[in-house]
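Structure, as structure tokens:
The values are calculated or read from the model by the stated rules, or taken from the named source; none is laboratory data. Keep in mind it's a predicted model, so treat the numbers as computed, not measured. Heads up, the Cβs are rebuilt from the backbone with ideal geometry, glycines too, and the neighbour counts pull from every protein chain shown. Side chains are part of the model used for accessible areas, which takes the heavy atoms of the whole protein and leaves out ligands, DNA and RNA. Shrake-Rupley method; radii C 1.70, N 1.55, O 1.52, S 1.80 Å.
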Amino acid sequence: MTSAPVTDTPGRSRALLTRARILEAARQELGRDPDSSLGDIAVAAGVVRRTVYGHFNGRAALVEGLVEDAAQALWQALATRGVREPDAVTALARFVLAVWPVGDRYRMLLRLAPQDLGAERVTEVLAPARETAAAIIARGQRQGVFQTGVPAGPLSRALEGHLLGLLECVNADTWSDDGTRTAAAALIAMGVDGDLAVTFVRSLGRPDRAGA
């Protein structure tokens, strides 16, 4: 017997909209105060606390919802932003310009306590970006445009630390960027001449903003 196809219903649509509103409120409230309670988030979302529990059975589930959103946004950025150009300098610049808005939008996750976001989950979420960065850096080393003193794998992890560090600086209000300065800094860290890196990134145009 063939099962009936799953169709959208008004009730399901409302539930999805409410879930999205709760997650957006959580993103903003946890960005303001990492210790925000589910009650604080419920108030910010304009719902009662019971409604929050109807979608998420606790803080861990709510944080996981944000992580899932971040992982999906990162995957989409990597899939749609042309980071596979043969020229490694262009590829790395476009890679940083693609992932920076996602990191900026979800940078509040960096402020959460370690128990809220396990190391294994972080590794899982960042794996596609790590693999992409390492491949681009290895290509740049073969092309002779990136430094070769450090292997591509460790160098890509150093680049990751560089980007995460700048996102922490945004959290601390000591850095503000749409991604262009960050992309130029990434190229410089890979061994590209400073003036050339800045000029090159500017020639690519301003990146799209994902919202902060």
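Could you check, for segment 153-171, whether at least one of its residues is out of contact with any Pro (no Cβ under 7 Å at 6 or more places or on another chain) and outside any helix (DSSP H, G or I)?
no
I'd like to check something: does segment 166-176 contain any residue that is exposed (fewer than 13 other Cβ atoms within 10 Å of the Cβ), more than 30 Å from E64 (Cα to Cα) and among the polar types (S, T, N, Q)?
Within segment 166-176, not a single residue is exposed (fewer than 13 other Cβ atoms within 10 Å of the Cβ), more than 30 Å from E64 (Cα to Cα) and among the polar types (S, T, N, Q).
Testing A61 on (1) over 22 Å from V122 (Cβ atoms); (2) at pLDDT below 95; (3) among the aliphatic types (A, V, I, L, M), one condition comes back false. Which one is that?
Here A61 meets the rest and fails (1).
Would segment 134-151 turn up any residue that is surrounded by 12 or more Cβ atoms within 10 Å (Cβ to Cβ), in contact with a Gly (Cβ under 8 Å, 6 or more places away or on another chain) and not in a loop (DSSP other than H, G, I, E, B)?
yes
Filter segment 104-120 for residues that are under 17 Å from H162 (Cβ atoms) and open to solvent by less than 20 Å² (accessible area, probe 1.4 Å) and give the result.
Hit for segment 104-120 is D104, nothing else.
Go through (1) at pLDDT 95 or above; (2) open to solvent by 50 Å² or more (accessible area, probe 1.4 Å); (3) polar (S, T, N, Q) and name the single condition T123 misses.
Unmet condition: (1).
Find the residue count for segment 74-129, including only residues that are touching a helix residue (DSSP H, G or I) at 6+ places or on another chain (Cβ under 6 Å) and acidic (D, E).
2
What residue, of E131, E160, is free of Cβ contacts under 8 Å to residues at least 60 places away in the same chain and open to solvent by less than 40 Å² (accessible area, probe 1.4 Å)?
E160
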